[in-house]
Structure formats: structure tokens, C-alpha cells
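Some notes on the structure that comes next.
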Amino acid sequence: MTSSLAIRADALSKRYGGTTAVDGLDLAVPAGSVYGFLGPNGAGKTTTVRMLATLLRPTSGTATVAGAPIDDRDAVRERIGYLPETPPLHEELTAREQLAYAAGLRDLPADDAARRADAFLDRFDLADAADRRIGTYSKGMRRKAGIAQALLHDPAVALLDEPTAGLDPRAARTVRETVAGLAGETTVLLSTHALPVVDELADAVGVLSDGRLVAEGSPERLKRRAAAGDEPTLEDAFLEATGAEPDPGAD
Ligand code: ATP
């Protein structure tokens, strides 16, 4: 049923000159689920997520996100939260100001937004730094502020590119718990190389390689299908799905 899909892509493709970054991708992500989006470096994950976030126009194909076609940028942007690889933050603002600014852009009621911002700052252990300029933040602190910004307006769909990258173990756990807490309400596309995170959180996993989906299913199903060992891991499944033939010309 199309209406229960929060993300749907049909033959979505992106070419950069001679490079095909995303090659006829079909996606069907049910509302309220967590979808782990995996793939080797250069597989086309970021390109896909940027198209879904309406920041990049597909060369061909279509997609809808939270019920809106991606060529309706305003409608999609209203309904999504996006955490890119580098969180879009203003160095000269404090985290509290940044979140208030983001809330203002989305016309959120100020007191409600301030309450939600405080809750995120607390949860991500940023309360003590909340009134310091983001320019003084570490990489992990920036990522946490970026996640708070992506989720502040309680989006229908959260597109999260590497949300746990560079986070210390406690912060990474907090982010995992946060994503787990979204399940059922918010649809999460989790693009990451952190396979244990996907194993723990994802209802379904898609493995992209050279712009194409080479494996898809629940983490359990992908592990069962992997030939390696008695207790195959998601890593085994990933390596199998993305294993390239050795290049005889390589030395
Ligand atoms: P990673 O895991 O390393 O972040 P990824 O799966 O997110 O990789 P993409 O960043 O989507 O991969 O890149 C997919 C392909 O598209 C790569 O071959 C990359 O070189 C190419 N590509 C991405 N952006 C551009 C661009 N602006 N111009 C030309 N080629 C690009």
C-alpha cells in the first residue's frame, strides 16, 4: 500500500558527467520504520539521501517522501529532518541560538521549541555548552547539535547521514536510544557504516553498491542468507553482497 510508505523511490538515478552515482534505485520504506542504508564508500548513499532531501535533482526517476514528491521542495522540507555528513550550523551562534533559529525558520511556537531544544541539549550532554559559540565545539558536539536540529520539529521522516560517526560511546548510545525512541512515529533512514547500530535498530536494511541495491531485507534475513560461518554477522552479509571480483589487472 503506497499510503503507508514514508519513502518511495522509483528508478531514481543520478549521473555526474560520466559517473553514475545512483542507478535506477527503487525504495519502499514503510512509515514508522527504521531503514538502514548501507554501502561501501562511493556507493551512492549520500547522493540518494540528498535527492530525497530535495537538495539534489535526480537525472531521472522519481521519489516521494512523507507523501510529497521530491520536486515539491517546500512540502518535503517541511516534513523531513536532515542530518548531512557536515551538520549545517552557524559557527557564530550558540547551540541554543542555533536551535531557536532553526525553529524560527520552521515557524515553531517559540516556547515549545525552547522546551524541546532544552530537552535535546540535556539528553545530548550539551546543556553546559549550550550558551557557547558553536565555533568552539568539537566534531562530536557539532554532530549532536546537528541531530537535535534535525529532530527539533518532530519530522515525519528523518534522513540521518552517519549520526553516530565520531561520537564517544556514551553519546553514540544516546543517539541509538533516540532513534529507537522515534520508531513507530518517525520514519528514519539511517545511512551509516556502523553495522552494529543498523543491526540493533533497523527493521530493514538496504545495501547499495555502485548505485544499485544489491541486498535488502531485515538484518536477520540478510544474516541468514550470508554463507559465512555458523553465526553470520551483518558484516558477513555486507561483505558478501558488495564483494567485487578481484581485478586481474591490479597488482
Ligand atoms: P561514502 O560512504 O564514502 O560517504 P556514498 O555512498 O555516500 O560514499 P556518494 O557520496 O553518494 O557515495 O558518491 C557516489 C558516487 O558519486 C561516487 O563515485 C562519487 O565520486 C560520485 N560523486 C558524488 N558527488 C559528486 C559530484 N558532486 N560530482 C561528481 N561526482 C560525484
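The values are calculated or read from the model by the stated rules, or taken from the named source; none is laboratory data. Keep in mind that what you see is a predicted model, and the values were worked out from it rather than measured. Reconstructed Cβ throughout: ideal geometry from the backbone, glycine too, with neighbour counts over all protein chains shown.
In table form, for the structure just shown:
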{"read-out": "Sole residue being exposed (fewer than 15 other Cβ atoms within 10 Å of the Cβ) and either modelled with pLDDT of 95 or more or near the ligand (Cβ under 9 Å from one of its atoms) (or both), chosen from Tyr16, Tyr35", "value": "Tyr16"}
{"read-out": "Subset of the range 68-81 (residues that are of a type outside the set (A, V, I, L, M) and within 20 Å of Ser13 (Cα to Cα))", "value": "Pro69, Asp71, Asp72, Arg73"}
{"read-out": "Test result for Val65, surrounded by 16 or more Cβ atoms within 10 Å (Cβ to Cβ), within 16 Å of the chain's Cα centre (by Cα) and either more than 16 Å from the ligand (Cβ to nearest atom) or without any contact (Cβ under 8 Å) to a residue 60 or more places away in the chain (or both)", "value": "yes"}
{"read-out": "In the range 126-182, the residues that are on the phi > 0 side of the Ramachandran plot and not small (Gly, Ala, Ser)", "value": "Asp154, Glu162"}
{"read-out": "Residue in the range 68-93 that is nearest to Thr178 (Cα to Cα), counting only those that are among the acidic types (Asp, Glu) and more than 16 Å from the ligand (Cβ to nearest atom)", "value": "Glu78"}
{"read-out": "Test: Arg8 is over 25 Å from Leu239 (Cα atoms), within 11 Å of the ligand (Cβ to nearest atom) and in contact (Cβ under 8 Å) with a residue 40 or more places away in the chain", "value": "no"}
{"read-out": "Index of the failed condition, Thr164 passing every other in (1) part of a loop (DSSP other than H, G, I, E, B); (2) in contact with a Gly (Cβ under 9 Å, 6 or more places away or on another chain)", "value": "(2)"}
{"read-out": "Residues of the range 39-62 satisfying the condition of being more than 9 Å from the ligand (Cβ to nearest atom) and under 19 Å from Arg212 (Cβ atoms)", "value": "Met51, Leu52, Pro58, Thr59, Ser60, Gly61, Thr62"}
{"read-out": "Residue ID - farthest from Gly24 (Cα to Cα), chosen from residues in the range 213-233 that are touching an Asp or Glu at 6+ places or on another chain (Cβ under 6 Å) and free of Cβ contacts under 8 Å to residues at least 40 places away in the same chain", "value": "Ala228"}
{"read-out": "Close pairs (9 angstrom Cβ cut-off, 6 or more residues apart or separate chains): in contact (Cβ under 8 Å) with a residue 40 or more places away in the chain in the range 178-195, within 13 Å of the ligand (Cβ to nearest atom) and basic (Lys, Arg) anywhere", "value": "Ser191/Lys45; Thr192/Lys45"}
{"read-out": "Some residue of the range 181-196 being within 19 Å of Thr48 (Cα to Cα) and acidic (Asp, Glu)", "value": "no"}
